[in-house]
Amino acid sequence: MPPRRSPSLLPDDTDPHPGGSSDPDGKAAVRPHYAGHRERLRERFLSQPADALADYELVELLLFAGLPRRDVKPLAKKLLEQFGGLGPLLAAPPDQLERRGGLGKPTVAILKAVQVAAIRMLREQVADQPVLGSWQQLLDYLSVALKYEPVEQFRLLFLDRKNRLIADEVQQRGTVDHTPVYPREVVRRGLDLHASALIVVHNHPSGDPAPSKADIDMTRAIDKAAKAVGLTLHDHLIVGRKGHTSFKSVGLL
C-alpha cells in the first residue's frame, strides 16, 4: 500500500487550479478572471515609482492580506467612493470600517496600522529638531493626524527652551463641533513638564479651518494664563480638510 501523502498547503492567494485543471469531480475548473492579478500588482508596486499605482490599487494591496481568496478590486473602488478617498478611508474609525465597509477585524487592523505608521513617520521628522525651524514638517504631521478626525480633538505640543518637542498630547476629545478646554489644565500640564512654550492645535471636522469666536476667546484665555507663569504660546493651529489656520499668521495671537 503506497504511503499516504499529506495534503499540500497553498498560499492564501494561490490559484488552486492553475491553467484550468480539473476539480475533484473531474470537471474542468474555471480559472478566476483575477488569477495572477495579485502577483502582477505586487511586482508593479515594487518595481515602479511610488506614485505609479492608483489609490484603488494601493487599497487592493492592503486588502490582499485580510481577504486572501477573492477579487478585491471592486471592493477597493467601492471603499474609496464610500469613504471619500484614501485619507478618509484610512482615518475612518474601526467600527465604521466594519459597519459601513463590511470589513472584518483582520482587514480593519491592516488599514489602521498603515495610518498609524504614516503618522509616526511624520512625527519623527519633528521630534528631534526645533519645531519652529521645521514648520512645514509639523503641518504635514498634524494634517495627517487630524485632518479626517470625525470629532474635535484638542492637542497640546509642549516645547523646551530650544523649541524642541517635549510632549505631544491629546488633552481633550469632544463632539463634532465642540471640545471643552480649561486654560488652567493646559498651564498646569506645561508646568508639570517643565516646558517653556507650547503650541495649541485642534481640528474642525466640518472641514473649514476658520476660527470661531469661541476658538478666539479660548486662545486668548490660554495665552493670558500661560504668560502669568512664564509660558509662551507660540501659536494656535486649526486643521481641517480645506487646509489650516495659524492664529499667529492671521494676527489673532
Exercise for the section: Write out, first by first residue and then by second, each pair whose Cβ atoms fall under 8 Å of each other, whose residues are 6+ apart or on separate chains, and whose first residue, in region 51-75, is in contact (Cβ under 8 Å) with a residue 12 or more places away in the chain and outside the structural domain of Thr107 (by TED's automatic domain parsing) while the second is outside any helix (DSSP H, G or I) and not aromatic (Phe, Trp, Tyr). Expected result: none
Fill in the blank from the handout: Expected output for region 162-173 (first residue basic (Lys, Arg), partner surrounded by 16 or more Cβ atoms within 10 Å (Cβ to Cβ) and in a strand (DSSP E or B), Cβ below 9 Å, 6+ apart or cross-chain) is Arg173/Gln153; Arg173/Phe154
Practice task
Report those helices (runs of 4 or more DSSP H) wholly inside region 49-115 carrying at least 3 residues which are crowded, with 17+ Cβ neighbours inside 10 Å.
Solution key: 55-66, 73-83, 86-91
Fill in the blank from the handout: Of the residues in region 128-139, those that are part of a helix (DSSP H, G or I) and loosely packed, with under 15 Cβ neighbours inside 10 Å come to Gly133, Trp135, Gln136
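The values are calculated or read from the model by the stated rules, or taken from the named source; none is laboratory data. The structure presented is a predicted model; accordingly, all values stated were derived computationally and were not measured. No Cβ is skipped: glycine too gets one built from the backbone with ideal geometry, and neighbour counts run over all protein chains shown.
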